[in-house]
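Inspection log for the structure reproduced underneath, given as structure tokens.
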Amino acid sequence: MNKRAEFQAGLEQSAFWMPYTANRQFKKAPRLLARAEGMHYWTPEGRQILDGCAGLWCVNAGHCRPKIVEAVQRQVAAMDFAPTFQMGHPIAFEFAERLAKVAPPGFSRIFYTNSGSEAADTALKIALAYHRARGEGHRFRLIGRERGYHGVNFGGMAVGGLQANKKTFGPGVAGVDHTRHTHDPARNAFSRGQPAHGAEFAEELERLCALHDPSTIAAVIVEPVAGSAGVLVPPQGYLQRLREICTKHGILLIYDEVITGFGRLGQPFGSQRFGVLPDLFTTAKGLTNGTVPMGAVFVKDAIYEAFMQGAEGIELFHGYTYSGHPLACAAGIGTLDTYEDEGLLTRAASLEKYWEDAAHSLKSAPHVIDIRNCGLVAAIELEPRAGAPGKRAYEAFVKTFEQGVLVRYTGDILALSPPLIIEKQQIDRLFDCVREVLQTVA
Ligand SMILES: Cc1ncc(COP(=O)(O)O)c(C=O)c1O
């Protein structure tokens, strides 16, 4: 047995408990990636794979971009780690300044985390502590949305609305409720961009306000476009209405921009794409182009200022050992440089029509029951097999990989979100591959 065959044979007993993976199934027939550059991965055997999902929605500038690689290499040699509790290092401050400049006006305070999950929990904690700092500690409720995904920590899991992510982990956080999701295929199937119907789903928040009394509600958290639930684009007018209701009742609106941030929707952030600003928003993934794990919460100045009143001392008892890790900050600065050099924070806008047409050209492909798109994101929803939900999309995912294309699947939905450097012929290749594969998944 050669070394590679030996490695694959050993995988079945591997010590690596893989996340969000059917471990036994995967280890019998692994799909391995060994190298990456630009729009592509390569398998250990040297097979080229077109990256149709930016790794995991995170490699917005494409893989192994020189400015990012060099920045991390320089930083690791100069200073590997330094604490940010009652200490600081210049690069953490520098990166925050740079981030504040790409954020919508007024979001000039940045709290670093190490992931999207930590960003979600951090944003929820900031919301609770903000109200308390202003003498409104009675606001303790957190409202999420069905089919929302805010990571896997207890706060994000609680406000999240995906049953499979919650059902095995006990009662979770108290004082949480959910509004209805916005998916309405009966009225909106095959919408291009924002669906026409469903602004009224935001009124659900008024119902929860009436039920709980709005003075008990601290924050509402939603993804501008729900990604992990299968790309649910907000209906026209929905976010506007949500904003109005939050403002009316003094409730903070948190956007989870872990996927929609950093150019995915054709604007730097989803809030700019939809023209509706939150009070705080979370990011991760594209923040460092996925190169070094990092998340960040962007906070409105007025919220930060509310913490800076009163006696001097630690204003927020929260933080992670690796908040503002030097390697992550270096990767982030290299990422922002790359985005700026190549106009990547708005490039999706110029490709969106082409992307949309390519996605919707699959309308007549076998098993397709809906197609959704926004920016450089698309979902192809398949009719589930009778008695075997998820199996058809899984098979399509495996087959596209065998044909040299990486996509995501969730339930019976194929999700595509390539690096923002994608070219038109690569868009064609992506959807042609999915089209061909759909002919073969009975
Ligand atoms: C909207 C959203 N929030 C939070 C997360 C969690 O991020 P992480 O996996 O970095 O913890 C994700 C991950 O996909 C996400 O899509």
**OP:** Might you let me know whether segment 51-60 holds any residue that is open to solvent by 50 Å² or more (accessible area, probe 1.4 Å), within 16 Å of the ligand (Cβ to nearest atom) and assigned to a helix (DSSP H, G or I)?
**Re:** yes
Original post:
Which residue out of Y304, Y322 is in contact (Cβ under 8 Å) with a residue 24 or more places away in the chain, of a type in the set (S, T, Y), open to solvent by 50 Å² or more (accessible area, probe 1.4 Å) and part of a loop (DSSP other than H, G, I, E, B)?
Top reply: Y322
**OP:** Mind counting the residues in segment 129-146 that are touching a Gly at 6+ places or on another chain (Cβ under 9 Å) and touching a residue at least 40 places away in the same chain (Cβ under 8 Å)?
**Re:** 9
**OP:** Can you run down the residue pairs with Cβ atoms below 8 Å, 6 or more apart or on separate chains, where the first is in segment 107-128 and closer than 13 Å to L142 by Cα and the partner is more than 9 Å from the ligand (Cβ to nearest atom) and part of a helix (DSSP H, G or I)?
**Re:** A120/G155; A120/V159; D121/F154; D121/G155; L124/G155; L124/V159; K125/G155; I126/I303
**OP:** Just give me the residues in segment 203-257 being open to solvent by less than 20 Å² (accessible area, probe 1.4 Å), closer than 19 Å to R372 by Cβ and part of a loop (DSSP other than H, G, I, E, B), in sequence order.
**Re:** E223, P224, V225, G227, A229, G230, V231, V233, P234, P235, E257
Subject >> All positions within segment 284-293 that are of a type outside the set (D, E, K, R) and near the ligand (Cβ under 9 Å from one of its atoms) >> reply: A284, P293
Original post:
Name the pairs whose Cβ atoms lie under 9 Å apart, with the first residue in segment 147-165 and more than 15 Å from Y20 (Cα to Cα), the second near the ligand (Cβ under 8 Å from one of its atoms) and open to solvent by 50 Å² or more (accessible area, probe 1.4 Å), and 6 or more positions between them or separate chains?
Top reply: G156/Y149; G160/Y149; G160/V152; G161/Y149
Subject >> Among (1) open to solvent by 40 Å² or more (accessible area, probe 1.4 Å); (2) of a type outside the set (A, V, I, L, M, F, W, C); (3) within 16 Å of the ligand (Cβ to nearest atom); (4) part of a loop (DSSP other than H, G, I, E, B) - the single one G151 does not satisfy >> reply: (1)
**OP:** Could you check V407 against (1) over 17 Å from A229 (Cα atoms); (2) modelled with pLDDT of 95 or more and say which number it fails?
**Re:** (1)
**OP:** Would you check if there is a residue in segment 62-79 being assigned to a loop (DSSP other than H, G, I, E, B), over 21 Å from T338 (Cα atoms) and either touching a helix residue (DSSP H, G or I) at 6+ places or on another chain (Cβ under 8 Å) or within 16 Å of the ligand (Cβ to nearest atom) (or both)?
**Re:** yes
Subject >> Residues being in contact with a Ser or Thr (Cβ under 7 Å, 6 or more places away or on another chain) and either of a type outside the set (A, V, I, L, M) or surrounded by fewer than 24 Cβ atoms within 10 Å (Cβ to Cβ) (or both) - total across segment 277-290 >> reply: 5
**OP:** Take segment 115-142 and flag every residue that is more than 11 Å from the ligand (Cβ to nearest atom), touching a His at 6+ places or on another chain (Cβ under 7 Å) and either under 16 Å from T282 (Cα atoms) or hydroxyl-bearing (S, T, Y) (or both).
**Re:** T122, K125
**OP:** Would you mind telling me which numbered condition in (1) under 24 Å from the mean Cα position of the chain (by Cα); (2) among the charged types (D, E, K, R); (3) surrounded by 14 or more Cβ atoms within 10 Å (Cβ to Cβ) E97 fails?
**Re:** (3)
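Conditions tested, residue by residue: (1) at pLDDT 95 or above; (2) of a type in the set (D, E, K, R); (3) within 15 Å of the ligand (Cβ to nearest atom).
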{"position": "A229", "(1), (2), (3)": "no, no, yes"}
{"position": "R241", "(1), (2), (3)": "yes, yes, no"}
{"position": "E244", "(1), (2), (3)": "yes, yes, no"}
{"position": "I254", "(1), (2), (3)": "yes, no, yes"}
{"position": "L265", "(1), (2), (3)": "yes, no, yes"}
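Every residue, every condition in (1) outside any helix (DSSP H, G or I); (2) among the charged types (D, E, K, R); (3) touching a strand residue (DSSP E or B) at 6+ places or on another chain (Cβ under 9 Å); (4) within 25 Å of Y304 (Cβ to Cβ), yes or no:
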site	(1), (2), (3), (4)
L99	no, no, yes, yes
P104	yes, no, yes, yes
A129	no, no, no, yes
V173	yes, no, yes, yes
H183	yes, no, yes, no
Subject >> Looking only at segment 7-35, and only at residues there that are in contact with a helix residue (DSSP H, G or I) (Cβ under 7 Å, 6 or more places away or on another chain) and not in a helix (DSSP H, G or I), the one that is surrounded by the most Cβ atoms within 10 Å (Cβ to Cβ) >> reply: P30
**OP:** Could you look through segment 414-442, keep only residues that are among the aliphatic types (A, V, I, L, M), surrounded by fewer than 22 Cβ atoms within 10 Å (Cβ to Cβ) and out of contact with any helix residue (DSSP H, G or I) (no Cβ under 6 Å at 6 or more places or on another chain), and pick out the one that is farthest from L344 (Cα to Cα)?
**Re:** A442
Original post:
Quick check: is even one residue across segment 267-276 surrounded by 18 or more Cβ atoms within 10 Å (Cβ to Cβ), of a type in the set (V, I, T) and part of a helix (DSSP H, G or I)?
Top reply: no
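The values are calculated or read from the model by the stated rules, or taken from the named source; none is laboratory data. All values derive from a computational prediction rather than experimental measurement. Neighbour counts are summed over all protein chains in view; Cβ atoms, including those assigned to glycine, are modelled from backbone coordinates with ideal geometry. The area values use the complete protein model at the heavy-atom level, side chains included, leaving out ligands, DNA and RNA. Shrake-Rupley method; radii C 1.70, N 1.55, O 1.52, S 1.80 Å.
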